[in-house]
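S.K.: Handing you this structure, nothing more for now.
The values are calculated or read from the model by the stated rules, or taken from the named source; none is laboratory data. What you see is a predicted model; the values in this text were computed from it and never measured. FYI the Cβ positions are ideal-geometry reconstructions off the backbone, even for glycines, and counts take in every protein chain you see.
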Amino acid sequence: MAKKNILFICGSKNQTTMLHQISKYLDDYNHFYSAFYSDGIERFFARLGLLDFSVLGGNFKKQTETYFRQHDLKIDYEGRNDNYDLIVICSDLIVPKKLLNKKMVMVQEGMTDPEIFFYHLVKKLKIPRYFGGTAATGLSNAFTYFCVASEGYRDLFIRKGVKPEKLLVTGIPNFDNCIQYVNNDFPYKNYALVCSSDSRETFKFENRKKFIHDAVKLSEGKQMIFKLHPNENVPRAEREIRKYAPEGSLVFSYGNTNEMIANCDILITMYSTVVYVGLALGKKVYSAFDLEELKRLLPDQNGGESARNIARVCQSLMENEPSAVNEFQTEESGSNEGLRYRTA
């Protein structure tokens, strides 16, 4: 009997590594990979290079396809083979029309954006979901199942309008075994780590001068290390840090962020999923989100079993065997409140 086919649609490096981990537990199937894409009007603008700030083009797409080649993965960009028994995705902000009738598993990538004005426009006026950023994750309900990080996130997505029966609490790769990062060879310790964002590169507002000044105040006089987002304009970010941060502050545009967090005393960020690594490791954390809420949303620390859990869901769906799905379904519970700036 011919093997069944799975298409993994990847975007950022985090998404790509998550889906690749899941695929390793699905040896009985053929795997194919695609960078994130659209078959709508966004495809036209992406080809013109106007969406290079997003996962539809630019550095994100280059990094994804480089990863595919480095790991000798079979590429089928845009799923042109069109003979897939299962689609695995990390985002439903755009869902290509030809995939709407396929069996589909979505994996939560990480933290979702704040529910600002455009998110509410998406919900009320049904404008394209990507205008709401990752706050609109899940609103398509186009997937068969949505594998999420924790019970707290299940409650959050239910409040947003995701169908409860589609939500499975499996944990998510890359954020389910944070203790592993403690043993590392990063040479610095006991510093204040500042993880910046690519807000400006993705056309969101950020007052970087204020962010750096705030970070200095929160650093308690410790050595400051700045870890830049992979998508950032590095020369600009370095100039700003040299101007506003204390002399001797260190700047890294590459390296293992999680290991840097494991060695720090204080973690300072705004809207980044890396805050969960700090919380899981008991660091003193500052975030633009309410940290009590983040503790409730904290991804399950299951010793790195999330990829295997999600693979079991994929296999269960393809083989029409509901046992794994039933295992990760839970009773519906309460909703969440809003998010604000807090420290822990």
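S.K.: Taking the stretch 215-228 as the search range and keeping residues that are out of contact with any helix residue (DSSP H, G or I) (no Cβ under 6 Å at 6 or more places or on another chain) and without any contact (Cβ under 8 Å) to a residue 40 or more places away in the chain, which one is surrounded by the fewest Cβ atoms within 10 Å (Cβ to Cβ)?
M.R.: By that ranking, first place goes to G221.
S.K.: Could I ask something else about it? Given the options L26, L51, name the one that is touching a Gly at 6+ places or on another chain (Cβ under 7 Å) and either of a type outside the set (S, T, Y) or not assigned by TED's automatic domain parsing to the domain that holds R308 (or both).
M.R.: That would be L51, the only listed residue that is touching a Gly at 6+ places or on another chain (Cβ under 7 Å) and either of a type outside the set (S, T, Y) or not assigned by TED's automatic domain parsing to the domain that holds R308 (or both).
S.K.: Could you say which residue among D82, D76, D39 is in contact with a Pro (Cβ under 7 Å, 6 or more places away or on another chain) and over 28 Å from T273 (Cα atoms)?
M.R.: One residue alone meets the criteria, D39.
S.K.: Mind listing whichever residues of the stretch 1-48 are within 12 Å of A311 (Cβ to Cβ), among the aliphatic types (A, V, I, L, M) and in a helix (DSSP H, G or I)?
M.R.: Once the filter is applied, which keeps residues that are within 12 Å of A311 (Cβ to Cβ), among the aliphatic types (A, V, I, L, M) and in a helix (DSSP H, G or I), the stretch 1-48 yields M18, L19, I22.
S.K.: Quick one: would you say E165 is out of contact with any helix residue (DSSP H, G or I) (no Cβ under 6 Å at 6 or more places or on another chain), in contact (Cβ under 8 Å) with a residue 24 or more places away in the chain and in the same structural domain as Q329 (by TED's automatic domain parsing)?
M.R.: In short, yes.
S.K.: Something else about it: Between residues in the stretch 194-214 that are more than 22 Å from G278 (Cα to Cα) and of a type in the set (S, T, Y) and residues that are at pLDDT 90 or above and surrounded by 13 or more Cβ atoms within 10 Å (Cβ to Cβ), which pairs lie under 9 Å by C-beta distance while being six or more apart or on different chains?
M.R.: Here the result reads T202/G133, each pair linking the stretch 194-214 to a residue that is at pLDDT 90 or above and surrounded by 13 or more Cβ atoms within 10 Å (Cβ to Cβ).
S.K.: Kindly check whether there is at least one residue in the stretch 254-263 that is within 19 Å of the chain's Cα centre (by Cα) and charged (D, E, K, R).
M.R.: yes
S.K.: Within the group Y145, Y188, Y181, which residue is at pLDDT 95 or above, more than 23 Å from V313 (Cβ to Cβ) and surrounded by 18 or more Cβ atoms within 10 Å (Cβ to Cβ)?
M.R.: Exactly one of Y145, Y188, Y181 is at pLDDT 95 or above, more than 23 Å from V313 (Cβ to Cβ) and surrounded by 18 or more Cβ atoms within 10 Å (Cβ to Cβ), namely Y181.
S.K.: Just to be sure, is G49 touching a helix residue (DSSP H, G or I) at 6+ places or on another chain (Cβ under 6 Å) and modelled with pLDDT under 95?
M.R.: When the stated conditions are applied, G49 does not pass them.
S.K.: Could you list, in sequence order, the residues of the stretch 121-136 that are in contact with a helix residue (DSSP H, G or I) (Cβ under 9 Å, 6 or more places away or on another chain), surrounded by 16 or more Cβ atoms within 10 Å (Cβ to Cβ) and farther than 16 Å from F205 by Cβ?
M.R.: Of everything in the stretch 121-136, those that are in contact with a helix residue (DSSP H, G or I) (Cβ under 9 Å, 6 or more places away or on another chain), surrounded by 16 or more Cβ atoms within 10 Å (Cβ to Cβ) and farther than 16 Å from F205 by Cβ turn out to be V122, K123, R129, Y130, A136.
S.K.: Given the condition closer than 27 Å to V313 by Cβ, at pLDDT 95 or above and out of contact with any strand residue (DSSP E or B) (no Cβ under 8 Å at 6 or more places or on another chain), answer yes or no: does some residue in the stretch 72-86 qualify?
M.R.: yes
S.K.: Hey, another quick one. For the stretch 234-288, how many residues are aliphatic (A, V, I, L, M) and within 22 Å of K209 (Cα to Cα)?
M.R.: Total satisfying the criteria: 14.
S.K.: Give the residues of the stretch 93-118 that are charged (D, E, K, R) and within 14 Å of C10 (Cβ to Cβ), sorted by residue number.
M.R.: Correct list: E109 only.
S.K.: Go through (1) in contact (Cβ under 8 Å) with a residue 60 or more places away in the chain; (2) touching an Asp or Glu at 6+ places or on another chain (Cβ under 6 Å); (3) not small (G, A, S) one by one and return the number of the condition P96 breaks.
M.R.: Unmet for P96, out of (1) in contact (Cβ under 8 Å) with a residue 60 or more places away in the chain; (2) touching an Asp or Glu at 6+ places or on another chain (Cβ under 6 Å); (3) not small (G, A, S): (1).
Okay, residues lined up against (1) free of Cβ contacts under 8 Å to residues at least 12 places away in the same chain; (2) touching a helix residue (DSSP H, G or I) at 6+ places or on another chain (Cβ under 8 Å); (3) of a type outside the set (A, V, I, L, M, F, W, C):
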| residue | (1), (2), (3) |
| --- | --- |
| N30 | no, no, yes |
| F53 | no, no, no |
| R80 | yes, no, yes |
| L100 | no, no, no |
| K103 | no, yes, yes |
| M111 | no, yes, no |
| Y119 | no, yes, yes |
| G138 | no, yes, yes |
| N141 | no, yes, yes |
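S.K.: Follow-up question, since we're still on this one. What tally of residues in the stretch 67-84 results from selecting those that are surrounded by 13 or more Cβ atoms within 10 Å (Cβ to Cβ), more than 12 Å from H31 (Cα to Cα) and charged (D, E, K, R)?
M.R.: 1
S.K.: Shifting gears a bit: Regarding the stretch 234-251, can at least one residue be identified that is among the β-branched types (V, I, T), over 19 Å from G282 (Cα atoms) and either part of a loop (DSSP other than H, G, I, E, B) or touching a Ser or Thr at 6+ places or on another chain (Cβ under 8 Å) (or both)?
M.R.: Among the residues of the stretch 234-251, at least one is among the β-branched types (V, I, T), over 19 Å from G282 (Cα atoms) and either part of a loop (DSSP other than H, G, I, E, B) or touching a Ser or Thr at 6+ places or on another chain (Cβ under 8 Å) (or both), which makes the answer yes.
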